[in-house]
Amino acid sequence: MLDVINNFIWLKIKKRNNVDIYLYLVSYTLLFSILAARVSLLALFYVWGYTLFVILNASALIIYLIFYFLLTKEKYELVNVLITLDVIVYTLLVIYLIGGLSSFAVMYIILLLNLQPLIPYKNTFIQRSLILAIVTAFIIVLITHFLRTPVYAVSLEHLRVYAIFNIYLTVVYLLMEIIFQNILRSFLLNYQLQKLEELDFQAHTDFLTGLFNRRYADSIFSSIRMKEQNNYVVALLDIDNFKKINDTFGHTCGDEVLKFLSVFLSHNVRKSDVLFRWGGEEFLVLLKEVDLDTAYVLLERMRKKLANAYIPTKQGLLRITVTIGMAILNSSLPFQSIDDSDKKLYEGKQRGKNMVMK
C-alpha cells in the first residue's frame, strides 16, 4: 500500500517545477488529515442529532475546498496558517459548547503544536506567532474546564464516545504522520537518485544532439577493455562542406542539420551500436561484433540512404553527404584506432568526399 501511495506522489511531484517539494507534501498531508477528521466528526454529530455541530463541520468542508483550491495555486504557507487557525477556533468552540478536558478536544491543540515544527514557514515570526496562539488556546482550554459550565448538556455516554473518538482520531493522525515521514524519506531518496542520474546523463551527453559525448567514450572503452572484447569497429563520420552550410544559411540551420543527423544515425544503426558526437560536425560510431567488411556494408548502406534524404529546416529542404573513415578497434589503444579512422576519413575527403573508407 505504501508503495502505491509513494508512486502516486512521485508521479504528481515529477510534473511540478521549481516548487518546494517538502512544503508541497506537508501542506497536502495536513489538509487531507484535518478534512478526514471533519468528515468523521460530521457523521458522528449527525447520528447524535447535534445540529449546531453538524453545521459547523459541514461549513468546514466548504472552507477546506477553498483551501484545496489555494493549494493548487501553490499558496502553501497561507493554507497552513489558515488550517492552523481553523483548528484553534474549532477547538475553542467545542470546549466552550460541550466542555473541556472531559471531551478530549484538547488533543487537537496538542497535535497542532506537534505539527508546527514540520511546517517550514519562510518567516519565523509567523511560526512563533502560531505557536503562541496554540499555547494561549491551551491555557484557555484549562481555564474553561475549571471555571465555566458548558453551554450544551451533552449526555455522559455521548461525551465518553466523543472522547474515545478523539483518541481514535489522534492515533490515526499520528499513524498518518509516521506514514508521511516514511513516504517523504523514500521520496527524497528517489528524488536525489533521479537528480544524480540526470546530472550523470548531462555530464555524458551532448546538449544539442542528445548523443553520448567524447567524455563518455572513456567509460565505454574501459568496459570493453576489461571484458577483453576485440570484435569492434570504430567509424568516424564527418559532414561534407558543413562550414558552407553555416556560412550560407546560418548557425541555427547548421544546428538543425546536426539534430537531424543525430536522429538519422540513431534510426539507422543497430541497437548494439553506440553513437557519439565527437565534436563539431564529427560523429563516432562504435559497431559491435562485426569485422571490417561487414561494417563497411552497413555504413555504405547508411551513407547512400543519407545522401538521398531531405532535411527540413527553416531555410527549406537541404541535402547533405558524409565521409566516413573506419578501423578495427584495438581495445588496448582505442584512441589510436580512432586516429586511424580519422586518417581514413581525411583520405576520403581528399578523394572527393561522400564515401566510406576502410
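The values are calculated or read from the model by the stated rules, or taken from the named source; none is laboratory data. Owing to the predicted nature of the structure, the values given are computational and were not obtained by experimental measurement. So basically every Cβ, Gly included, is an ideal-geometry build from the backbone, and we count neighbours across all protein chains shown.
If you scan the range 45-76, which residues turn out to be among the aliphatic types (A, V, I, L, M), surrounded by fewer than 17 Cβ atoms within 10 Å (Cβ to Cβ) and more than 33 Å from the chain's Cα centre (by Cα)?
Start the filter on the range 45-76 by keeping residues that are among the aliphatic types (A, V, I, L, M), which leaves 47, 52, 54-56, 58, 60-63, 65-66, 70-71.
Narrowing further to those that are surrounded by fewer than 17 Cβ atoms within 10 Å (Cβ to Cβ): 47, 52, 55, 58, 61-63, 65-66, 70.
Selection gives 47, 52, 55, 58.
Let's see how each residue does on (1) in a helix (DSSP H, G or I); (2) more than 26 Å from residue 111 (Cα to Cα); (3) at pLDDT 85 or above:
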residue: 10; (1), (2), (3): yes, yes, no
residue: 16; (1), (2), (3): no, yes, no
residue: 33; (1), (2), (3): yes, no, no
residue: 68; (1), (2), (3): yes, no, yes
residue: 71; (1), (2), (3): yes, no, yes
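Is it the case, given these coordinates, that residue 91 is in the same structural domain as residue 152 (by TED's automatic domain parsing), farther than 30 Å from residue 24 by Cβ and either among the hydroxyl-bearing types (Ser, Thr, Tyr) or modelled with pLDDT under 85 (or both)? Quick ask: steps written out before the conclusion?
On the way: in the same structural domain as residue 152 (by TED's automatic domain parsing): yes; farther than 30 Å from residue 24 by Cβ: no; either among the hydroxyl-bearing types (Ser, Thr, Tyr) or modelled with pLDDT under 85 (or both): yes.
Spelling it out, it is not the case that residue 91 is in the same structural domain as residue 152 (by TED's automatic domain parsing), farther than 30 Å from residue 24 by Cβ and either among the hydroxyl-bearing types (Ser, Thr, Tyr) or modelled with pLDDT under 85 (or both).
Going by the conditions given, is residue 244 surrounded by fewer than 15 Cβ atoms within 10 Å (Cβ to Cβ) and either closer than 24 Å to residue 347 by Cα or outside the structural domain of residue 327 (by TED's automatic domain parsing) (or both)? Quick ask: steps written out before the conclusion?
Working: surrounded by fewer than 15 Cβ atoms within 10 Å (Cβ to Cβ): yes; either closer than 24 Å to residue 347 by Cα or outside the structural domain of residue 327 (by TED's automatic domain parsing) (or both): yes.
The answer is yes for residue 244.
Given the criteria among the aliphatic types (A, V, I, L, M), out of contact with any helix residue (DSSP H, G or I) (no Cβ under 6 Å at 6 or more places or on another chain), farther than 27 Å from residue 216 by Cβ and buried (at least 17 other Cβ atoms within 10 Å of the Cβ), does residue 318 qualify?
Details: among the aliphatic types (A, V, I, L, M): yes; out of contact with any helix residue (DSSP H, G or I) (no Cβ under 6 Å at 6 or more places or on another chain): yes; farther than 27 Å from residue 216 by Cβ: yes; buried (at least 17 other Cβ atoms within 10 Å of the Cβ): yes.
Yes; evaluated as a whole, the condition is true for this residue.
Hey, can you tell me all the residues within the range 347-358 that are in a helix (DSSP H, G or I) and either touching a strand residue (DSSP E or B) at 6+ places or on another chain (Cβ under 7 Å) or in contact (Cβ under 8 Å) with a residue 24 or more places away in the chain (or both)? Reasoning before the result, please.
Pass one, the range 347-358, residues in a helix (DSSP H, G or I): 347-351.
Of everything in the range 347-358, those that are in a helix (DSSP H, G or I) and either touching a strand residue (DSSP E or B) at 6+ places or on another chain (Cβ under 7 Å) or in contact (Cβ under 8 Å) with a residue 24 or more places away in the chain (or both) turn out to be 347, 348, 349.
Please go through the range 110-154 and pick out each residue that is hydroxyl-bearing (Ser, Thr, Tyr), closer than 24 Å to residue 81 by Cβ and surrounded by fewer than 16 Cβ atoms within 10 Å (Cβ to Cβ).
If the condition is that a residue be hydroxyl-bearing (Ser, Thr, Tyr), closer than 24 Å to residue 81 by Cβ and surrounded by fewer than 16 Cβ atoms within 10 Å (Cβ to Cβ), then 124, 129, 136 are the ones that fit.
I'd like to verify a number: residues in the range 275-315 that are in a loop (DSSP other than H, G, I, E, B), of a type outside the set (Lys, Arg) and either surrounded by 19 or more Cβ atoms within 10 Å (Cβ to Cβ) or out of contact with any Leu (no Cβ under 6 Å at 6 or more places or on another chain) (or both), how many?
Pass one, the range 275-315, residues in a loop (DSSP other than H, G, I, E, B): 280-281, 289-291, 308-310, 314-315.
Checking which are of a type outside the set (Lys, Arg) leaves us with 280-281, 289-291, 308-310, 315.
Cutting the leftovers down to either surrounded by 19 or more Cβ atoms within 10 Å (Cβ to Cβ) or out of contact with any Leu (no Cβ under 6 Å at 6 or more places or on another chain) (or both) gives us 280-281, 289-291, 308-309, 315.
The number of residues fulfilling the criteria is 8.
Is it the case, given these coordinates, that residue 272 is within 24 Å of residue 217 (Cβ to Cβ), assigned to a loop (DSSP other than H, G, I, E, B), at pLDDT below 95 and assigned by TED's automatic domain parsing to the domain that holds residue 224?
yes
Could you run through the range 282-328 and say how many residues are touching a Gly at 6+ places or on another chain (Cβ under 8 Å) and modelled with pLDDT under 95?
Kept after step one, since they are touching a Gly at 6+ places or on another chain (Cβ under 8 Å), are these residues of the range 282-328: 315, 323-325.
From the residues that got through so far, the ones that are modelled with pLDDT under 95 too are 315.
The total comes to 1.
State which residue pairs qualify: first residue farther than 17 Å from residue 46 by Cα and assigned to a helix (DSSP H, G or I) and inside the range 140-167, second residue at pLDDT 70 or above and among the polar types (S, T, N, Q) in any location, beta carbons under 8 Å apart, and separation of 6 or more residues or different chains.
141/91
Please specify each residue of the range 204-227 satisfying the condition of being part of a helix (DSSP H, G or I) and touching a Lys or Arg at 6+ places or on another chain (Cβ under 7 Å).
The answer is 204, and nothing else.
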